[in-house]
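So the structure is just underneath, and the comments pick up after that.
The values are calculated or read from the model by the stated rules, or taken from the named source; none is laboratory data. Every value quoted in this text rests on a predicted model; they were computed, and no experiment measured them. Cβ sites come from the backbone with ideal geometry, for glycine too, and all protein chains shown count toward neighbours.
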Ligand code: AMP
């Protein structure tokens, strides 16, 4: 596995690979877990070359968010990345990605970026789409791999790729969970034991809603109320949002006719966790 820390090194490595190879690209912020490794393995299985980026992107964090506290361990990550099939690991400094400072942005406008995480993190997706664009422009992947865990990110990136006619195929991989159901996240390590225990309510409340839906309950209000009351029964939780939206467009719905996304964001003292389920 090659490691590139600068754009110049990345270009040299990509030139050596040549233009006739398919490239599978996995963008991450590192502190790798099995969710990330599933993306790398999928890319490795479907492409000639697998490129992984590890970059804690400052433009997607607002002042006061956990940019500095975000967990990092490059040595461990590089070993895991290599074992999962990464051929080229791009690990740049912010000055490599934003050499003139962050002054040019790519932004997906509209409700799709304003709902869910966009309510409490209004500048977040602008940072995400900007850095993903920069990385696509540097790497020119054939396919890029994202996790359904960040369902709104997937919807926003798919829209950006459509709107800008970007020549890349977006592949979405299912949520990888701990044995007890908690969705894997680099931020899980920031939970104290009691929070870690109570965090199970995210997946449990979504699974309960899924079971109600499968049993014939189609009312969005009813299902949302159920999820809210189950999460609120855990005293260390603070709900950021609970919503059920059209799966493709993220538009609001009153009852579930086509696939819907039930998504939650819950804060613990220092840590905000996401989870979701597709109701289909
Ligand atoms: P992050 O490092 O958190 O920015 O995540 C990098 C990529 O891994 C994103 O596409 C995430 O959606 C994906 N990812 C994170 N956690 C999981 C998970 N538990 N299962 C599947 N994909 C995940």
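Looking at segment 203-215 only, could you name the residues that are within 16 Å of the ligand (Cβ to nearest atom) and buried (at least 19 other Cβ atoms within 10 Å of the Cβ)? Selection gives 203, 206.
Hey, does segment 225-246 have a residue that's away from the ligand (no atom under 16 Å from the Cβ) and either in the same structural domain as residue 27 (by TED's automatic domain parsing) or under 30 Å from residue 46 (Cα atoms) (or both)?
Yes, there is a match, as at least one residue in segment 225-246 is away from the ligand (no atom under 16 Å from the Cβ) and either in the same structural domain as residue 27 (by TED's automatic domain parsing) or under 30 Å from residue 46 (Cα atoms) (or both).
If you check 146, 105 for being within 14 Å of the ligand (Cβ to nearest atom) and either surrounded by 16 or more Cβ atoms within 10 Å (Cβ to Cβ) or farther than 18 Å from residue 275 by Cβ (or both), only one passes: 146.
Mind checking whether some residue in segment 193-202 is within 16 Å of the ligand (Cβ to nearest atom), assigned to a helix (DSSP H, G or I), closer than 23 Å to residue 146 by Cβ and not assigned by TED's automatic domain parsing to the domain that holds residue 146? Checking segment 193-202: at least one residue is within 16 Å of the ligand (Cβ to nearest atom), assigned to a helix (DSSP H, G or I), closer than 23 Å to residue 146 by Cβ and not assigned by TED's automatic domain parsing to the domain that holds residue 146. Any residue at all in segment 169-187 that's at positive phi and within 12 Å of the ligand (Cβ to nearest atom)? Yes: one or more hits.
Can you find a residue that is surrounded by fewer than 15 Cβ atoms within 10 Å (Cβ to Cβ) and either touching a helix residue (DSSP H, G or I) at 6+ places or on another chain (Cβ under 7 Å) or without any contact (Cβ under 8 Å) to a residue 60 or more places away in the chain (or both) anywhere in segment 223-232? Yes, some residue in segment 223-232 is surrounded by fewer than 15 Cβ atoms within 10 Å (Cβ to Cβ) and either touching a helix residue (DSSP H, G or I) at 6+ places or on another chain (Cβ under 7 Å) or without any contact (Cβ under 8 Å) to a residue 60 or more places away in the chain (or both). Within segment 27-43, residues that are within 10 Å of residue 77 (Cβ to Cβ) reach partners that are part of a strand (DSSP E or B) and more than 6 Å from the ligand (Cβ to nearest atom) with beta carbons closer than 6 Å, at six or more positions or on different chains, in the pairs 28/54; 30/54.
When you check residue 237 against the structure, is it in contact with a strand residue (DSSP E or B) (Cβ under 6 Å, 6 or more places away or on another chain) and at pLDDT 95 or above, yes or no? Spelling it out, residue 237 is indeed in contact with a strand residue (DSSP E or B) (Cβ under 6 Å, 6 or more places away or on another chain) and at pLDDT 95 or above.
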